[in-house]
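Undergrad: Questions regarding the structure given below will be posed in turn.
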Amino acid sequence: MHKFFSTILNFILFISLAIFISVFIFVARMPDEPSALFTSTFPIIQFLIGIFAIFVSIKVTKKAYQLFLSVLFMILGIFQFLLVNNFVSYSLGQLWPCICFFSGISLIISGYWKYKKVMLAYLIPSFTIIVMGIWFFLFSLKIIKQPISFVVSSFGPVFIVLLVVLLIGFFYLQKKYKELVILEEDDEDGLDFADY
């Protein structure tokens, strides 16, 4: 029965992802046209799906990855509603890095819910995603005037080296301090897709 609810919730989350992508594409392709009825209604539906999925993932399936997606889709529903109804004065082309912020916040929430404390295994990727969002904002808001393609081609290798050093440092840190990361004996099956 538990597996049945988990499969249903995965399907619901897939529908929420499809709603987000469809509204995102519509807004990106027609930014100056007035919002169609479905672009105003779909974000509300996505928000309600997110709330329902949060409830099911906490009370029934108890899987961290489902809670992560549920919180993310709920926040994205609010974000899209504000965007398509012109409650914010910026366009999607300027605000798309918010998705990085929302992903980082959702990851912290799901990790905290699972372990009842802030875990480094969740905090480091969350922080990395949020920093990437800040970095992308510098370009989308034209604070940095250079095209992002020039910066990526110039500083991309440096970024990759720093990322590798960070991951190696994190690997040795978690070997020394096991309580900072997910332990192997943990019964979390949220990332185990063998059951499906």
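Undergrad: Could you compute the FRET efficiency for V118 and F159, with r as their C-beta to C-beta distance and R0 at 25 Å, rounded to 0.05?
TA: Once the sixth-power term is evaluated, E becomes 0.45.
Undergrad: Take each of the peptides 139-146, 2-9, average the number of other beta-carbon atoms within 10 Å over its residues, and list them starting from the highest.
TA: 2-9, 139-146
Undergrad: Return one whole number: the accessible area per residue of the range 12-134 in Å², for a 1.4 Å probe.
TA: 50
Undergrad: If packing is taken as the mean number of other Cβ atoms within 10 Å per residue, what is the order of 77-84, 127-134, highest first?
TA: Peptide ranking by packing, descending: 77-84, 127-134.
Undergrad: Next question. Around A53, with a cut-off of 12 angstrom between Cβ atoms, what is the net charge of the other residues, counting Lys and Arg +1 and Asp and Glu -1?
TA: +2
Undergrad: Could you pull out which residues in the range 53-82 have an amide N less than 18 Å from a spot 7 Å beyond the Cα of I105, following the Cα-Cβ vector?
TA: The answer is 53-55, 67-82, whose backbone nitrogens lie closer than 18 Å to the label point.
Undergrad: If Y112, Y172, Y122 are ordered by their accessible area, calculated over protein heavy atoms with a 1.4 Å probe, which sequence runs from highest to lowest?
TA: Values: Y112 120, Y172 140, Y122 35 Å².
Greatest to least solvent exposure: Y172, Y112, Y122.
Undergrad: Under a point spin-label approximation (7 Å from Cα along Cα-to-Cβ), what is the K59-K3 distance to one decimal in nm?
TA: 2.4
Undergrad: Further question: Taking square-rooted eigenvalues a ≥ b ≥ c of the alpha carbon gyration tensor, is the range 1-153 rounded, prolate or oblate, where a/c under 1.5 means rounded and, failing that, a/b exceeding b/c means prolate?
TA: Cα axes put the range 1-153 in the oblate bin.
Undergrad: Which order, highest average first, do 93-99, 163-169, 66-72, 113-119 follow once you tally other Cβ atoms within 10 Å for each residue and take the mean per peptide?
TA: Numbers: 93-99: 16.6, 163-169: 10.7, 66-72: 24.9, 113-119: 14.1.
Highest mean packing first, the order is 66-72, 93-99, 113-119, 163-169.
The values are calculated or read from the model by the stated rules, or taken from the named source; none is laboratory data. None of these values were measured; they are calculated from a predicted model. Please note: Cβ atoms are built from the backbone with ideal geometry, for glycine as well, and neighbour counts cover all protein chains shown. Calculation scope for accessible area: heavy atoms of the full protein, side chains included, ligands and nucleic acids excluded. Shrake-Rupley method; radii C 1.70, N 1.55, O 1.52, S 1.80 Å.
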